[in-house]
Structures are given as structure tokens and as C-alpha cells.
1. Going by a ≥ b ≥ c, the root eigenvalues of the Cα gyration tensor, does segment 1-64 fall in the rounded group (a/c under 1.5), the prolate group (a/b larger than b/c) or the oblate group?
2. What figure in square angstrom, to the nearest 10, would you give for the accessible area of Asp267 with a 1.4 Å probe?
3. Local charge sum around Thr345 (other residues, Cβ-Cβ under 10 Å, Lys/Arg +1, Asp/Glu -1)?
4. With each pseudo-label sitting 7 Å past Cα toward Cβ, what's the Glu214-Arg405 distance in nm, one decimal?
5. Report the local net charge at Lys138: Lys and Arg +1, Asp and Glu -1, summed over other residues whose C-beta lies under 13 Å from its C-beta.
6. Using modelled backbone amide H atoms (1.01 Å from N, in-plane), which distant-in-sequence or interchain residues come within less than 5 Å of Ser386's amide H?
7. Modelling each spin label as a point 7 Å along the Cα-to-Cβ direction, I'd like the Asp91/Leu66 distance in nm, to one decimal.
8. Assuming R0 = 56 Å, can you tell me the calculated FRET efficiency for the pair Arg167 and Arg275, based on Cβ-Cβ distance, to the nearest 0.05?
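The values are calculated or read from the model by the stated rules, or taken from the named source; none is laboratory data. Keep in mind that what you see is a predicted model, and the values were worked out from it rather than measured. Virtual Cβ from ideal backbone geometry, glycine too; neighbours counted across all protein chains shown. To get the accessible areas, we keep the full protein, side chains included, count just its heavy atoms, and leave off ligands, DNA and RNA. Shrake-Rupley method; radii C 1.70, N 1.55, O 1.52, S 1.80 Å.
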Amino acid sequence: MSGYVRNLALAARAAQATIAAADAATRRILLEGMAERLLAGQDEILAANAGDLQRARQAGSNKASLDRLALNPERVRGMADALREVAAQDDPLGAVTRRDVRPNGLAIERQRIPLGLVAMIFEARPNVTAEAAALCLKAGNAVLLRGGSEAAASNAAIAACLHAALRAAGLPEAAVSLVADTAREHVLELLQLSDLIDLAIPRGGESLIRFVAEHARVPVIKHYKGVCHLYVDRAADPELALGLLIDGKTSRPGVCNALETLLVHRDIAAAFLPRALAALRASGVEVRGDSATRRFDPSLAQAGEDDYAAEFLDLVIAIRVVDSIDEAIAHIHRYTSDHTEVIATDDPAAAQAFVDAVRSSAVMVNASSRFNDGGQLGLGAEIGISTTRLHAYGPMGVEALTIERFVVRGQGQRRHPLPGGN
């Protein structure tokens with residue numbers, strides 16, 4: 001190992017103590033300053049991003065990948081707004097989540113403290129640089145950021161703005177450390193630093209997630225792929241279901257909360273599927289269907305096992321007609337990635353049965369899959385959407401970047417008598 005990443009982690013670990021010791025007002029002002037620096041540095045950020053986009057196009061990146069990489073003034077403002085929203089949230093540190101007094105008089109508290117040093121390993125999306133930094137700092141953590149080579153210039157430009165805000169606040173720049181050298185061996189080095197890194201969060205394609213999970217000696221929370229389903233129940237309002245389908249599939253097909261599979265109850269298929277297929281076709285979506293779906297349009301490609309397991313991240317969707325809600329749930333259990341599932345129904349009993357049976361990180365009843373997002377769910381931003389059932393599941397905001405410890409207050413209580421005494 002070169003020691004390059006270890007030296008970054010050592011500096012970040014030292015800086016974390018300073019961030020954790022800062023009071024809530026200092027961290028709030030820091031994040032507000034970061035938002036201002038992003039807006040002030042917009043021209044430099046967009047120029048760097050234009051270079052990344054040009055190189056990505058020359059490398060043959062597809063439309064979805066380019067969309068994830070691209071920044072514009074609206075997206076830079078969105079980053080700044082997310083930082084302000086995180087800054088305005090209640091401070092989580094020191095919060096007591098439980099108090100109890102035991103029969104022996106011990107006062108037991110559960111108290112929130114920082115995780116420590118978080119390693120964020122991600123691809124494509126430059127906004128992750130700013131949002132991950134803000135969430136970690138708000139929770140008293142330091143962050144070690146390793147973005148993908150395709151966004152290297154964009155990430156560096158954003159990190160420069162964040163570092164300027166840290167300097168202005170009199171706080172160590174190393175609290176937000178960027179692994180500027182994107183060589184794969186540095187990821188491997190990072191994943192071995194069990195004495196320095198408290199948590200690794202990979203966010204990107206399936207190959208990245210698997211690489212991190214297989215090689216890490218540090219704890220990992222996976223932001224796995226999004227094989228998201230919409231089930232249109234026999235009692236669904238067809239117009240409502242159509243809106244959920246088009247929004248979930250076409251608004252941004254390259255994101256993890258986009259729909260990939262549509263399940264339709266056989267009793268509503270004749271009323272719903274012809275309209276759905278026409279709307280999808282009008283939106284440029286390629287449809288792959290089972291035999292029952294292809295009866296409405298024989299020109300459709302036949303859907304296979306790989307299609308139902310796929311995260312297309314593109315204008316492609318797989319469709320299956322099912323005989324019951326139980327069959328829809330069984331299909332989801334077989335193919336789900338534990339990300340987001342949606343039911344469209346006017347039957348409260350069916351809605352509750354779906355919610356009770358599906359274990360994914362977010363279950364939507366008559367609402368678009370695109371709402372499984374930290375900003376949309378009131379977290380301000382997210383460091384990722386955890387599909388690992390650990391202390392955090394679903395979008396991870398500030399609170400998910402803390403842990404709870406016990407604080408015990410006593411008056412000299414002992415568990416056992418002293419030898420030879422009381």
C-alpha cells in the first residue's frame with residue numbers, strides 16, 4: 001500500500017475531533033457558508049463539469065450516465081438549498097433518546113454521538129460531494145470522499161468551495177478530505193483502514209458495491225441497486241396509476257428510485273394496459289412484457305428472468321400481469337433489491353396487506369417511487385439510500401450518521417458487595 005489514503009484518513013480522523021467538539025451554532029454557520037461558497041463558485045464548478053461531460057461523451061457514456069454526471073445552474077442551486085436545509089435541522093449531537101431509572105437508582109440514558117470518520121465511495125454524481133460532506137459535518141463526523149474518475153474535475157471544484165468555507169470558519173480542511181487520485185488500488189487501501197474508518201458507504205453501480213462489500217475490513221452500509229416495482233391493484237384508479245407509472249419511469253430514468261418493473265392485476269389489465277403501453281410508447285420507453293401483456297401489443301419484446309431482475313437505469317421497463325396481490329408480492333420478494341415498491345389501489349385492505357408483506361426500505365401507497373429521496377422525505381439531503389438492514393434503512397440523513405450510546409448516572413451503586421464488606 002502506498003500510504004496515500006492512510007495519510008488522508010489520519011488527517012481526517014484528527015479533524016473529526018474538532019468538528020465533534022464544535023457547538024451546534026458553529027456547525028450550522030459552517031454549512032450555510034458552504035452553501036454560499038457553492039453559489040459563488042458556480043462558474044468554476046460548471047466549467048469543471050463541462051470538461052468531465054466532454055470526456056464522458058468521448059468515452060461513449062450513455063444518456064443516463066451523462067444525466068447523473070451533469071450539473072447546471074439549477075442543480076448547483078439545488079446543492080446549496082440542500083446544504084441550507086441540513087444546516088437548519090435540529091442538532092442531533094447529545095440528544096437523549098431514552099431516559100429510565102432502574103430499581104437500584106441508576107439513571108440510564110441513550111445519547112446520540114457521531115459515528116466518527118465516514119468513507120463515501122461513489123460514482124458519477126458530483127452533488128454527492130457537497131451533500132455527503134454537509135450531512136457528515138452536521139452529525140459531527142469527518143468524511144473521506146472518493147468519487148469516480150468520470151467526475152474528478154467536478155468533485156475537485158466542489159471540494160475547493162467546501163474547503164474555503166472550512167477555512168473561513170477556522171475549522172480544519174481535512175474534515176472533508178477528497179481522494180483526488182481515483183486509482184482503484186486506493187479504494188482497496190481505504191477499505192483496509194479498520195483502525196481509522198468507522199463506516200464505508202458505497203454508492204454507485206452494482207460492480208462497485210460488490211467490490212466494496214467483498215474487500216472491506218471496515219463496516220459497510222450498501223446503497224444497492226434499485227429494482228423498483230409498481231403494482232397496479234384490481235381496485236386501482238387507472239388515471240392515478242398511469243400518473244405514477246409515467247412519473248416513476250420517465251422523469252429521470254437513470255436514478256435508483258426510478259421504476260423498473262410494472263405488475264398489473266389481471267382484472268384491471270384490459271382497462272389499464274392499453275393506455276399504459278400507449279403512454280410509455282409516447283415517452284420513448286421500450287417495453288418488455290410477458291405473454292399476457294403481449295396480447296395487447298404483439299410487437300413487444302418478450303420479458304425474461306434477466307429483465308425482471310434488471311435495474312435498467314434507462315427508458316426500458318418490464319411488465320407482468322399477475323392473478324392476485326399475493327402473486328405480485330411473491331414476484332417482488334423474488335426480484336426486489338429492497339429499495340422502493342409502490343402499490344396503486346383504492347382498497348385500504350389491499351394497501352395494508354402490501355405494506356405488511358413488503359420489507360423494502362420504502363413502500364409507497366398511491367405515491368410515486370421518486371419520493372424515496374432524502375430531500376423529499378424531509379431529511380434535507382441524503383448520503384445514500386441504505387438497502388442494508390442495519391441501524392439505518394432507506395434514505396440516510398443526519399440522524400442516520402450518528403449512533404446511540406448509554407450514559408449511566410449513579411450515586412456509587414455497585415453490582416456486587418466488596419470482598420469482606422457490604
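1. oblate
2. 100
3. Around Thr345, the surrounding residues sum to -3.
4. About 3.6 nm separates the two model spin labels.
5. On the way: positive: Arg27, Arg28, Arg84, Arg112; negative: Asp23, Glu32, Glu85, Asp90, Asp91, Glu131, Glu382, Glu399.
Here the count lands on -4.
6. Placed amide hydrogens put Gly394, Met396 under 5 Å from Ser386.
7. A separation of 4.6 nm, rounded to one decimal place.
8. Values: r = 57 Å, r/R0 = 1.02.
With a Förster radius of 56 Å, E is 0.50.
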